[in-house]
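Colleague: Structure below; questions to follow.
The values are calculated or read from the model by the stated rules, or taken from the named source; none is laboratory data. Note that this is a predicted model, so its numbers are computed, not measured. Counting neighbours? That spans all protein chains shown, and the Cβs are built from the backbone with ideal geometry, glycine included.
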């Protein structure tokens, strides 16, 4: 595990298997632990500083993911920096336009929040949830991309 510290956000963690990302936790208030200074966490820190990194070259551990889950992940990774899509639009981009709830379930179980940017998915009626981190966190992430 490699930790990183983002001023005014907290400490985040990235778990790697070689160069493959297995899990990523966004920064929150938590004790600082783990090694520092890995190239992937340098890029994550850059993102929080406004670097337009799409992370498309970062290999993710998608072992066990279904074909649909992989399609949602790949569709979401292609949503451009600073843009949003609805759950319905995400489902359509993944080839299953009526599967918006299933697309939402993929987002809810996302282990790679910056690499698979679920903060870019909004509800048809507004911002929508962002798990245990809440809508305020999601707003902050979208604000980073708004410049």
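Colleague: Which one of the conditions (1) without any contact (Cβ under 8 Å) to a residue 40 or more places away in the chain; (2) under 17 Å from the mean Cα position of the chain (by Cα); (3) not assigned by TED's automatic domain parsing to the domain that holds residue 120 does residue 72 fail to meet, given that it meets all the rest?
Modeller: Checking residue 72 against (1) without any contact (Cβ under 8 Å) to a residue 40 or more places away in the chain; (2) under 17 Å from the mean Cα position of the chain (by Cα); (3) not assigned by TED's automatic domain parsing to the domain that holds residue 120, the one that fails is (3).
Colleague: Okay, next question. Look through 82, 50, 64, 46 and report the one residue that is touching a residue at least 40 places away in the same chain (Cβ under 8 Å) and over 14 Å from the mean Cα position of the chain (by Cα).
Modeller: 50
Colleague: Residue check: is residue 93 at negative phi, without any contact (Cβ under 8 Å) to a residue 24 or more places away in the chain, crowded, with 17+ Cβ neighbours inside 10 Å and not assigned by TED's automatic domain parsing to the domain that holds residue 15?
Modeller: Answer is yes for this residue.
Colleague: Could you list, in sequence order, the residues of region 77-101 that are in contact with a helix residue (DSSP H, G or I) (Cβ under 6 Å, 6 or more places away or on another chain), under 19 Å from residue 129 (Cβ atoms) and in a helix (DSSP H, G or I)?
Modeller: Hits for region 77-101 are 87, 88, 90, 91, 100.
Colleague: Take the residues of region 7-24 that are touching a strand residue (DSSP E or B) at 6+ places or on another chain (Cβ under 6 Å) and buried (at least 17 other Cβ atoms within 10 Å of the Cβ): which is farthest from residue 111 (Cα to Cα)?
Modeller: Among those that are touching a strand residue (DSSP E or B) at 6+ places or on another chain (Cβ under 6 Å) and buried (at least 17 other Cβ atoms within 10 Å of the Cβ), it is 9.
Colleague: Here is a further query. Considering each residue of region 105-139, count those that are assigned to a helix (DSSP H, G or I) and either in contact with a helix residue (DSSP H, G or I) (Cβ under 7 Å, 6 or more places away or on another chain) or free of Cβ contacts under 8 Å to residues at least 60 places away in the same chain (or both), and give that number.
Modeller: 12
Colleague: Just checking, does region 109-124 include any residue being buried (at least 16 other Cβ atoms within 10 Å of the Cβ) and more than 14 Å from the chain's Cα centre (by Cα)? It would help to see each step written out before you state the result.
Modeller: Filtering region 109-124 for residues buried (at least 16 other Cβ atoms within 10 Å of the Cβ) gives 110, 112-122.
In the following step, the residues that additionally are more than 14 Å from the chain's Cα centre (by Cα) were identified as none.
Taking every residue of region 109-124 in turn, none turns out to be buried (at least 16 other Cβ atoms within 10 Å of the Cβ) and more than 14 Å from the chain's Cα centre (by Cα).
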